[in-house]
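Here the structure is laid out as structure tokens; the discussion comes afterwards.
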Amino acid sequence: MTLLNATVVTLINRAEGSIASSSSSSSSSASCYRSSRKATMLRTKRAQVLRRINVTATKSAKTPPYRQVAPAAAMMMKATVRTRGIVIASTRNYRRVGLTTVAAAAAGVSPGKKHGDLPKNFEHTDVEEPLYKRWEQSGAFKPKPNDEKEPFTIPMPPPNVTGALHMGHAMFVTIQDVMSRSMRMRGHPTLWLPGTDHAGIATQLVVERQLESEGLSRIGVGREEFEKRTWKWKKEYGDRIQNQIKRLGASCDWSRERFTLDDNLSEGVLEAFSRLHEQKLIYRGSYMVNWAPKLQTAVSDLEVEYSDEPGFLFHFKYPLEGYEEDNTKFLPVATTRPETIVGDTAVAVHPEDPRYKDFVGKFCVVPGTNGRKIPVIADDYVDMEFGTGALKITPAHDPNDYDMGKKRDLEFINIMNKDGTMSANAQAYAGLDRAECRVKIWEDLEKDGLAIKKEDYETRVPRSQRGGEVIEPMVSEQWFCKMETMSTPALNALKTGELTIVPKRFEKVYETWLSDCKDWCISRQLWWGHRIPVWYVHDSIEDLQNAKKGEGKGASKKYVVAKNDKDARAQAEAKYGEEIILYRDEDVLDTWFSSGLWPFSTMGWPDENAPDFRKYFPGSVLETGHDILFFWVARMIMMSYGMTGKLPFHTVYLHGLVRDEQGRKMSKSLGNVVDPLGVIGDVGCDALRFTLATGTSPGQDLNLSLERLKSNRNFTNKVWNAGKFVLFAMEELSDDERIEIQKMSETIASSDTSSLSLSERWIISKLHQTVDQVTKSLDKYDFGIAGRNAYGFFYDDFADWFIESIKTKFNNKDDPEGKKRALAVTLYACDSILRLLHPFVPYVTEEIWQALPHSGDLLISQSWPETDQKKDDAAEQSYETLRSVVTKIRNARAEYNVEPAKKIENCTIVVKDSSALLSDLQSEVAVLCSLARLDPASTTVASSAPADCEQNPSDYVNAIVADGVEVFLSLAGLADPAKESKRLKKQAEKLEKDLNGLNGRLNSEAFLSKARPDVVEKAQAEAKELREQLAAVQARLKVMTDLLATTASK
């Protein structure tokens, strides 16, 4: 009864406010007296009304709300003004309130707004922020319980906490929101779970720059203080990316927002590391990694970007042992990195290369190393055609050479320190920066007569995504996770069909990666992140100090894996005794490790009894960019199988990149970056979303067209104006009448439509067909097709044809019941298309839906239109014929230059072979006349042509529409012969002049001999086109001249 109380009290208060307003604005004392008296009556009866409601409530708890409120409302109405004259303010207008309105309000039915209440255009800047807050505060983003439908769960790929919104975010938010909103409307308990990633390297760099601005450093303040400052930064700036995502209309459940360093997620990381270590899938070893010397950490392949840069290819001599002094026998070798020569441990040639067969098995002397010798080996890996055909092998500083070194059991010599300077193994070059060493070694090769040449060469340079420094391939001791064992169930999921990847072509990429995946380096030399849960065991402080010398970090062969200090101490003492020193590993885990747990750690895992884990895991769909299919998606699947034994989602949907109009990747250097927030400010969120959702297909890149954005802004205005048209058609209706029409509209789909007009039956059938098409496309993840289908129905069918057709019903004052039915059908179609479009353009659809008569509070919470509703093929065929007839007539109007405002007289539409079609078109003569601008008094639809058409065919224009359907238009009704003859003569004279000038050039020997062939060909084509245009104009002129003569003779 609280809702009913509130409803009636609201109505009374609105009435009092209206009366008070009219009293204060009126200059008439009599008017003031009457208003005051009404207000007094309302206040006197308020308590009686509310008491009556309460009494009614106690009688039957099962009584429907509208029956509970009606007696009280009736009492209120009767007690105040018996002529139902209470006036309630509604925005700027006043409405009469009756029993239906009060009951409807209690039942959540709104009569909507007045047409004049709405601005001329959709003002997105006034709507988006308050509407988003209303959605969020209403709880619309949270999953609604529904045991009859499977939950729909989609984890948001967590953007970096340091991130600023870019078009990649806009793309994934749009697609995921389309999925979430549509599934929510279809009744599925929908959980779109948002969150952010702690972004180890990116966040640490931000805070380090802050420290530098204060004259401090990370090392100087120490780890504990640095972590405090980083958490402080996160607290101050960490919400920025979430607020920007909200600007895109993301309907995710912010009450469940997660951060990868949250306590419960951190617990999941500890549990996963412990389990994998127990299974012997995590180990410590030395392997090739991507090393960032400035950042002083290993980085993932995803954090390395390759750029083509100008450089040099250095050709030099590798002298054979015994020929070091005269360099007469040598292997010519080419390299882009001469600084690595001192780390070479072999020279490789192809076994079938005749140039170097005699060298295989012998030794070369490495320049600059005091005579260190390395073998010449033969291997099929070498490309005889590339460079000199002889390849230097540096296993410790090149990924390919690393594999060769392992394969051939070569020595690994690390010649660089972690800061990018040359190590003691570089001998004479120790201490030099790697770039300085490159220059110095080449100088020495030239001095020693070993340099052959240096030529310009474009090289692919690996650079850090964070900071841009050149990445150094380096063998480093790190923590690794074995992939081979974990990849098996992830591969099987694809092979058995349990996992689907959209688009399908990426299944091959996924399979190839997982079939040959290398062990994953999971440690990072950072301070911000999940610290590796390993405690090294030392026998004494001295042992620990020795382990920390140089580049050492306190590591030991003895260690325990634990979840905290206390647990580590207990394990270590049980295993190694009490007289020990523990030191925790200084490194943190790769960000992708915690992200790999995202689908289930966010649901409460490792507590498998957590409500969300039980209800919403496994999830449904993972949507992300195709560039991280392996780095994130595959790892999530592997980790999920390893930790939960389940596939984390059944479908992976991959979107492409958003590029500029020319198809170039957006980058600051090109100056072509498009800011999503700027676009939203200019054209609105809906226009951006619709452009992204419908502009591409799964996995394909999108070239972002600014013209397309403007076009879709116009589309949102078209939706707005269509809704305003419906309101305008209801302008004179009372609230009771509007609510009656709203109720009628809800029964359209299930009622008998045979008595409706052709236009009405057609739009209902087309709508039902569109609902099926859009729903089917959404189920297939064809979001572009779904959006374009909805757009096509709205633009091509509803707005351009149906609205123009139905105006004849609205304007017919002799058929009020017909108008009421037409309004109900129009409202039904409009309401349905708003629901179909809502996932794509949520703001304009919600705002105009709120203005229309409707049932319910918010469009976002309404149900999806029912699929498999009845279709009317006959109505569709008949109306398509009507459209064709109108199109033919419009073409004739254009051909004969009929003024737009002129109504054509004496039009006959002939339907010969179908009595049903004949009947349909006869019933829509008013529509035909309205759409084709025909004179209703002289327009007929008949089964045969008028006799005059056969007797004087030259007096008519005959257009064949379809088999058995023709249009006959009187030429006299089409055009003014005298006026048209004058215009055509003038047009013919201009064409003749242009043609004569062109013929003069083509008949000139000088032109033909001197002009390029393509110029002559173009002139000939233009002359041909002018001749065809002139012939058509002359033929039309003859018809007009003959018609003028016939008219004069009559």
Scanning region 532-583 for residues that are part of a loop (DSSP other than H, G, I, E, B) and either among the β-branched types (Val, Ile, Thr) or assigned by TED's automatic domain parsing to the domain that holds Asp419 (or both) gives Ile532, Ile580
Within region 620-724, helices (runs of 4 or more DSSP H) holding 2 or more residues that are farther than 25 Å from Tyr132 by Cα and out of contact with any strand residue (DSSP E or B) (no Cβ under 9 Å at 6 or more places or on another chain): 635-644
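For (1) aliphatic (A, V, I, L, M); (2) in contact (Cβ under 8 Å) with a residue 24 or more places away in the chain; (3) over 29 Å from Asn414 (Cβ atoms); (4) surrounded by fewer than 21 Cβ atoms within 10 Å (Cβ to Cβ), each residue gets a yes or a no:
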site: Leu526; (1), (2), (3), (4): yes, yes, no, no
site: Gly529; (1), (2), (3), (4): no, yes, no, no
site: Trp535; (1), (2), (3), (4): no, yes, no, no
site: Asn546; (1), (2), (3), (4): no, no, no, yes
site: Ala570; (1), (2), (3), (4): yes, no, yes, yes
site: Tyr576; (1), (2), (3), (4): no, yes, yes, yes
site: Ile581; (1), (2), (3), (4): yes, yes, no, yes
Matching residues in region 382-412 - criterion: being in contact (Cβ under 8 Å) with a residue 40 or more places away in the chain and surrounded by fewer than 23 Cβ atoms within 10 Å (Cβ to Cβ): Gly387, Thr388, Gly389, Asp398, Pro399, Tyr402, Met404, Gly405, Arg408, Leu410, Glu411, Phe412
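Return the total of residues in region 602-619 being part of a loop (DSSP other than H, G, I, E, B) and either polar (S, T, N, Q) or on the phi < 0 side of the Ramachandran plot (or both).
Adding up the residues that qualify gives 11.
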Report the residue count in region 617-632 for those that are modelled with pLDDT of 95 or more and over 16 Å from the mean Cα position of the chain (by Cα). 4
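Per-residue answers, yes or no, for (1) part of a loop (DSSP other than H, G, I, E, B); (2) among the polar types (S, T, N, Q); (3) more than 50 Å from the chain's Cα centre (by Cα):
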site	(1), (2), (3)
Asp920	no, no, no
Ser930	no, yes, no
Cys949	no, no, yes
Phe968	no, no, yes
Gln987	no, yes, yes
Glu992	no, no, yes
Asn999	no, yes, yes
Out of everything in region 1001-1039 that is within 53 Å of the chain's Cα centre (by Cα) and not in a helix (DSSP H, G or I), what residue ends up being surrounded by the most Cβ atoms within 10 Å (Cβ to Cβ)? Ala1011
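If you go through region 830-844 one residue at a time, do you hit one that is without any contact (Cβ under 8 Å) to a residue 12 or more places away in the chain and not hydroxyl-bearing (Ser, Thr, Tyr)?
Scanning region 830-844 turns up no residue that is without any contact (Cβ under 8 Å) to a residue 12 or more places away in the chain and not hydroxyl-bearing (Ser, Thr, Tyr).
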Criterion: over 24 Å from Lys979 (Cα atoms) and in contact (Cβ under 8 Å) with a residue 24 or more places away in the chain - qualifying residue of Ala1023, Ala1019, Ala1006: Ala1023
Glu817 fails exactly one of (1) under 30 Å from Gly964 (Cα atoms); (2) free of Cβ contacts under 8 Å to residues at least 60 places away in the same chain, namely (1)
Taking the stated definitions as given, is Asp831 touching a His at 6+ places or on another chain (Cβ under 9 Å), closer than 30 Å to Ser620 by Cα and assigned by TED's automatic domain parsing to the domain that holds Val726? yes
Kindly indicate whether Thr174 is crowded, with 23+ Cβ neighbours inside 10 Å, among the polar types (S, T, N, Q), touching a Gly at 6+ places or on another chain (Cβ under 9 Å) and farther than 30 Å from Asp587 by Cα. yes
Residue satisfying condition, being modelled with pLDDT under 95 and surrounded by fewer than 20 Cβ atoms within 10 Å (Cβ to Cβ), within set Glu950, Glu980: Glu950
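The values are calculated or read from the model by the stated rules, or taken from the named source; none is laboratory data. Every value quoted in this text rests on a predicted model; they were computed, and no experiment measured them. With ideal geometry, Cβ positions are generated from the backbone for all residues, glycine too; neighbour counts draw on all protein chains shown.
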